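Worksheet: one structure, shown below.
Coordinate-derived values only; no laboratory data. These numbers were taken from a predicted model, which means no experiment stands behind them. As a convention, Cβ positions derive from the backbone with ideal geometry for all residues, glycine included, and neighbour counts pool all protein chains shown.
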Amino acid sequence: MIRTLEAAAAWVDEVGLALLFPKADAVLPSLWEQVNGSADENWAVRDADGSFVRWSDAMSFLWRAKDELPARGLVCVGKHVARVATCVSPALLPVLVAANAAEPEGDEQRVVTAVAEAGPLTGPQVREATGLTKKETDRAVAALHRKLVLTNAELVEGDAGWGAIAHDLLERKWRLAALPARAHARHALARHVLELAGELTAADLAGLFGWRRREAAELLEEVGRGRDETGFRIWTPQ
């Protein structure tokens with residue numbers, strides 16, 4: 001089981017793309033499973049009455065690692081896929097960005113401008129810089145993670161002992177080189193996920209990246225072998 005940042009980074013480098021925690025409808029491996037040894041939600045140690053005693057060793061490590069991996073430039077972490085925390089290897093990141101990046105809109109642009117001018121900012125710092133409410137800020141930041149404009153930079157310790165994630169421009173944080181063409185990137189990403197998962201439906205692929213099912217099916221036809229099941233089609237690697 002993984003218990004060092006170096007081992008976690010090496011595993012993410014190997015798989016390219018993974019969730020931080022498992023998600024029932026997302027066909028990607030999770031770092032939690034590698035740290036914990038299973039997908040079980042045994043996050044805490046509890047006494048005989050079921051009361052919380054402490055976090056499990058696996059959760060204690062992963063909760064720290066999710067912040068230290070991006071802070072040390074080992075793994076890109078953010079809510080970039082399936083609307084949940086995702087780990088992306090630096091090697092695959094240009095492909096993901098080229099395939100799925102989108103332009104900021106409305107309040108999102110105010111957040112981008114603030115981060116571009118001030119450097120990495122936490123949610124409260126974004127609110128102070130933009131005048132947006134907490135709800136508006138949270139919504140904009142989440143959208144900017146999905147659009148691969150912002151990403152996690154580091155944990156900033158707070159006065160009360162609780163930290164907050166600082167968000168930075170993804171392009172600045174990871175110093176991305178020239179990106180592949182969008183069509184080529186989506187083709188490569190579909191192939192990568194299919195090989196990683198072993199088999200996919202169009203809904204599986206579309207759900208990860210917010211693509212149309214028709215486009216996902218067309219990509220899978222190009223990179224995999226399809227077979228018809230009862231009411232749907234499944235693709236496996238060629």
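Things worth noting here:
- The lysines within cross-link reach of LYS134, meaning a Cα-to-Cα straight distance under 19 Å and a gap of 8 or more places when in the same chain, are LYS79.
- Rounded to the nearest 20 debye, the dipole size of the stretch 71-139 about its Cα centre is 320 debye, using +1 on the Cβ of Lys and Arg and -1 on the Cβ of Asp and Glu.
- Each Lys and Arg Cβ is given +1 and each Asp and Glu Cβ -1; about its Cα centre, the stretch 101-174 then shows a dipole of about 180 debye.
- About its Cα centre, the dipole of the chain is roughly 460 debye, where the only charges are +1 on Lys and Arg Cβ and -1 on Asp and Glu Cβ.
- Whole-angstrom gap from the stretch 161-238 to the stretch 39-78, using each part's C-alpha centre: 27 Å
- Calculated mean residue ellipticity, 222 nm, the chain: -14000 deg cm²/dmol, from DSSP H runs (n ≥ 4) at -39500 (n - 2.57) each, averaged per residue and rounded to 500.
- The residue among ALA71, VAL81, LEU219 whose Cα reaches farthest toward the positive pole of the charge dipole of the chain, with charges on the beta-carbon of Lys, Arg, Asp and Glu, is LEU219.
- Pairwise label distance in nanometres, GLU215 with ARG182, each label 7 Å out on the Cα-Cβ vector: 0.7 nm
- Dipole-positive endmost among THR122, ILE165, LEU132 within the chain (Cβ charges, Cα centre): LEU132
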